[in-house]
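The values are calculated or read from the model by the stated rules, or taken from the named source; none is laboratory data. These figures come from a predicted structure and were not determined experimentally. Note: accessible area is taken over every heavy atom of the protein model, side chains too, but ligands, DNA and RNA are not part of it. Shrake-Rupley method; radii C 1.70, N 1.55, O 1.52, S 1.80 Å.
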Amino acid sequence: MEIRKIDKFVEFSKVIGELMGQIQKERSLNAIFISSSGEVLSKERPLQIEVTNSKAKAFYEFAEKIDFKK
């Protein structure tokens, strides 16, 4: 029983870690984009936003179905 709980926490950590990594990348790209007055990374930003949104969706889907009590 305890092993299952540990597995759930490990999986949760993985999913949230992936989301946080993408949020950090997006934040960095935004900082560069803004500081360059929009001249740098104008093509890369939308792609990163898509990746971040995909990881956010995966996180929310995981969070909705996980039950740490079991």
| task | Measure off, as a whole percent, the carbon and sulfur share of the 1.4 Å-probe accessible area of the chain, all protein chains present. | result | 58
| task | Tell me which label goes with the value of P(r) over Cα pairs in 10 Å bins from 0, in percent computed from the coordinates here: [x] 22, 57, 19, 2; [y] 20, 36, 23, 14, 6, 1; [z] 23, 62, 14, 0. | result | [y]
| query | Which whole-number value in Å² is the accessible area per residue of the chain, probe 1.4 Å? | reply | 78
| said: As a test of reading the structure, rank Leu47, Leu41 by solvent-accessible area (1.4 Å probe, protein chains only), most first. | reply: Leu47, Leu41
| query | Contour minus end-to-end for Ser13 and Lys25, with contour as 0.36 nm per residue of separation and end-to-end as the Cα-Cα distance? | reply | 2.5 nm
| message | In whole Hz and in residue order, list the ³J(HN,Hα) couplings for region 22-35 that follow from phi through the Karplus curve 6.51 cos²θ - 1.76 cosθ + 1.60, θ = phi - 60°; x for Gly and Pro. | response | 6, 4, 5, 4, 4, 4, 5, 4, 5, 4, 5, 4, 5, 5
